[in-house]
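Reviewing the structure listed below.
The values are calculated or read from the model by the stated rules, or taken from the named source; none is laboratory data. What you see is a predicted model, and the numbers here were worked out from it, not measured in a lab. Positions of Cβ are backbone-derived with ideal geometry, glycine not excepted, and every protein chain shown enters the neighbour counts. Only protein heavy atoms, including side chains, enter the accessible area calculation; ligands, DNA and RNA are left aside. Shrake-Rupley method; radii C 1.70, N 1.55, O 1.52, S 1.80 Å.
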Protein chains: 2
Amino acid sequence: MTVSPRPLVAEEFSLFGDVVEALDDRIVDINQGTSQRFHDLARISIDSDGGRPLANIFRASPYPRPLTLTMMEKHPLGSQLFMPLQAHDYLVAVALPGPLVLAEDVNVFLARGHQGVNFHPGVWHHPLLVLVEQQDFIVIDRGGPGDNLVEAGLEKPVIVTLS
Amino acid sequence: MTVSPRPLVAEEFSLFGDVVEALDDRIVDINQGTSQRFHDLARISIDSDGGRPLANIFRASPYPRPLTLTMMEKHPLGSQLFMPLQAHDYLVAVALPGPLVLAEDVNVFLARGHQGVNFHPGVWHHPLLVLVEQQDFIVIDRGGPGDNLVEAGLEKPVIVTLS
């Protein structure tokens, strides 16, 4: 099956996680007005059973074309925040939490280079789908004991068409 | 008094916090080799007395010249991580934790655009010192009840000289 990406907007993405971006309704002036703080943009969830927040950098290469998704993964014990460090657009593929994930459940969003995403715990997602060149992301996720990675193959491929 | 910035290297900064950068000794290959994960780059410390990690974006304007520091601040209840979203160099001014901070205690580092910093709880630091143009940072710090901001004036100004 084929899917076209939709624009990444917070309201449509809210079932899967947060869109991390500097929008005017989150502004707080700080530091005597020399800085603006866009406040509390993501629900960082880490289990209290030995989990701790980790900071990492992910360096992703462009995903091969045609863009064909054959698997998804999820992290049941913690959220996972991705913020691009170079402002290139990229794709985000997600599906609602649950024991299984089917091709028809997959939603694909086109994130702009200034937008990050924070997947809520258990949300199925595809690994980074970078489009144009090597791109780094700072990633805030969960470290600690326990099995926090579940991978599942899709029963049929999802091909993402870019207009 | 005047201070010249030193290069930001992890070993020299370790008394104050972490340098968040993609160095080869932290590489883990993930996602069938399509991504590299630079793993666990910062000690994110949040008090367990109602604290929670927050994600924010700080948007800073260039600091007025001559670069004159007259105050410092600290956050006793949590660490604070800054990662630049545009790769411009910036300055980091820090001093060791303690009840007081004096001008002679202030260390100034020149961070490159690909480097973030994570201040450990209680480390005195100056608000963002951006050099060339408006610059955004993703900031991971602490939310929750309690007084997590202490500000202190310096008894004499610290003037930062850029070569």
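If you go through the range B:20-51 and keep only what is surrounded by 15 or more Cβ atoms within 10 Å (Cβ to Cβ) and more than 7 Å from chain A (Cβ to nearest Cβ), you end up with B:21, B:26, B:30, B:43, B:45, B:46, B:47, B:51.
Could you tell me whether the range B:43-52 includes any residue that is basic (Lys, Arg) and farther than 28 Å from residue B:76 by Cα? Taking every residue of the range B:43-52 in turn, none turns out to be basic (Lys, Arg) and farther than 28 Å from residue B:76 by Cα. A Cβ distance below 6 Å, combined with a sequence gap of six or more or placement on separate chains, defines the contacts here; from the range B:83-97, residues that are within 24 Å of residue B:158 (Cα to Cα) reach residues that are among the acidic types (Asp, Glu) and surrounded by fewer than 23 Cβ atoms within 10 Å (Cβ to Cβ) in the pairs B:95/B:105. Among residues of the range A:134-146 that are in contact (Cβ under 8 Å) with a residue 60 or more places away in the chain, those with a Cβ under 8 angstrom from a residue that is of a type in the set (Lys, Arg) and open to solvent by less than 50 Å² (accessible area, probe 1.4 Å), sequence gap 6+ or separate chain, pair up as A:139/B:37. Scan the range B:1-19 for residues that are surrounded by fewer than 20 Cβ atoms within 10 Å (Cβ to Cβ) and part of a loop (DSSP other than H, G, I, E, B) and the total you get is 5.
Put simply, of B:92, B:106 the only residue that is under 28 Å from residue A:53 (Cβ atoms) and more than 9 Å from every other protein chain (Cβ to nearest Cβ) is B:92.
Looking across the range B:53-84, the residues that are at the interface with chain A (Cβ under 7 Å from one of its Cβ atoms) and either crowded, with 23+ Cβ neighbours inside 10 Å or not in a loop (DSSP other than H, G, I, E, B) (or both) come down to B:53, B:54, B:55, B:56, B:57, B:58, B:59, B:60, B:81, B:83.
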